[in-house]
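The values are calculated or read from the model by the stated rules, or taken from the named source; none is laboratory data. Predicted model only: the values in this text are computed from it and were never measured. We place every Cβ from the backbone using ideal geometry, glycine too, and count neighbours over all the protein chains shown. What goes into the accessible areas is simple: the full protein's heavy atoms, side chains included, and nothing from ligands, DNA or RNA. Shrake-Rupley method; radii C 1.70, N 1.55, O 1.52, S 1.80 Å.
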Amino acid sequence: MLGWLKEKFIGWLREEENVSTVPLCDFDRMSRALRPADVILVEGGTRLSQFIKNITQSQWTHSALYVGRLCEIGDTVLRQHIQRHYQKSHDEPLSLDEPLIIEGLIGQGIIVEPLSKYRGVNMRVCQPRSLSSNDATRVLRFAAHHLGVQYDIRQLFDLARWMSPHAWLPRRLGSTLFEINTSLSERTICSTLIAAAFGSVHFPITPVVHRGDDGALRFYPRNTRLCTPRDFDYSPYFDSVKFSLVAM
């Protein structure tokens, strides 16, 4: 019974509620400019997307990691691993020239999908500044290692409680966000996985900044479980690139 109710609730969250009929992003131009390990921000139109907009006060409700085309992945093991996971959820054969992304979706978990699924959707690209090609490959390896992991609905609602200005309970009480032994190998969400992937090569998103008694600023790694899609847009370490249909 609980499983049935959970599936119904997830289905309700995934229903489209506000779908724009006017594309705001030049998809073809964006596709040509993407580089492996770029972060793609998506403005969704589901009930869950509206919920995320409300708690983050941002139009960006989802993030995905750009993988690139299979034919361009030099790491044979990584290429075959991604291909196997793609075929698990798709009946049609995967073209070696198909641009791919890794993303986390409620009800589906961490999956690999074609970039083309977001054609006609408002998107923005966040490119990690000065990330080496070797580190980009390591970021992709980290994310690909978590393909098949389930989506963490509990973390999503704990994050909403943490960010809400109206706290009914102490924000840390009963929260999964600060559990020391929490592992991404069981459950995670899209932005946490991507932040952790960059953290694996010591590439920051939005670090915690403290000023010491001596006046010096000190930077500390931020809890990746507190990361939301908007953080990649605000990060000083990523270049946010718009691909507007209207040329200025």
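Go through (1) modelled with pLDDT of 95 or more; (2) hydrophobic (A, V, I, L, M, F, W, C); (3) in a loop (DSSP other than H, G, I, E, B); (4) open to solvent by less than 20 Å² (accessible area, probe 1.4 Å) one by one and return the number of the condition residue 126 breaks.
Evaluating residue 126 over (1) modelled with pLDDT of 95 or more; (2) hydrophobic (A, V, I, L, M, F, W, C); (3) in a loop (DSSP other than H, G, I, E, B); (4) open to solvent by less than 20 Å² (accessible area, probe 1.4 Å) leaves (3) as the failure.
Out of 37, 64, I need the residue that is at pLDDT 85 or above, open to solvent by less than 20 Å² (accessible area, probe 1.4 Å), at positive phi and out of contact with any His (no Cβ under 6 Å at 6 or more places or on another chain). Which one?
Of 37, 64, the one residue that is at pLDDT 85 or above, open to solvent by less than 20 Å² (accessible area, probe 1.4 Å), at positive phi and out of contact with any His (no Cβ under 6 Å at 6 or more places or on another chain) is 37.
Scan the range 139-161 for residues that are crowded, with 18+ Cβ neighbours inside 10 Å and more than 15 Å from the chain's Cα centre (by Cα) and report the count.
Counting residues in the range 139-161 that are crowded, with 18+ Cβ neighbours inside 10 Å and more than 15 Å from the chain's Cα centre (by Cα) gives 2.
In the range 29-53, how many are more than 16 Å from residue 14 (Cα to Cα) and either among the acidic types (Asp, Glu) or without any contact (Cβ under 8 Å) to a residue 12 or more places away in the chain (or both)?
2
I need the full set of residues from the range 166-190 which are modelled with pLDDT of 65 or more and out of contact with any Asp or Glu (no Cβ under 7 Å at 6 or more places or on another chain), in order please.
Within the range 166-190, 184, 185, 186 meet the criteria.
Within the range 101-122, can you find the residues that are open to solvent by 10 Å² or more (accessible area, probe 1.4 Å), part of a strand (DSSP E or B) and more than 25 Å from residue 74 (Cα to Cα)?
105
Can you find a residue in the range 192-207 that is open to solvent by 50 Å² or more (accessible area, probe 1.4 Å), modelled with pLDDT of 75 or more and β-branched (Val, Ile, Thr)?
Scanning the range 192-207, I find no residue that is open to solvent by 50 Å² or more (accessible area, probe 1.4 Å), modelled with pLDDT of 75 or more and β-branched (Val, Ile, Thr), so the answer is no.
Here is a yes/no grid of residues against (1) open to solvent by less than 80 Å² (accessible area, probe 1.4 Å); (2) β-branched (Val, Ile, Thr); (3) under 23 Å from residue 150 (Cβ atoms); (4) at pLDDT 90 or above:
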site	(1), (2), (3), (4)
17	no, no, no, no
22	no, yes, no, no
31	yes, no, no, yes
49	yes, no, yes, no
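For the range 21-50, how many residues are under 16 Å from the mean Cα position of the chain (by Cα) and part of a helix (DSSP H, G or I)?
Qualifying residue count, the range 21-50: 2.
Across the range 216-239, what is the number of residues that are open to solvent by 30 Å² or more (accessible area, probe 1.4 Å) and without any contact (Cβ under 8 Å) to a residue 40 or more places away in the chain?
Looking only at that region, the number is 10.
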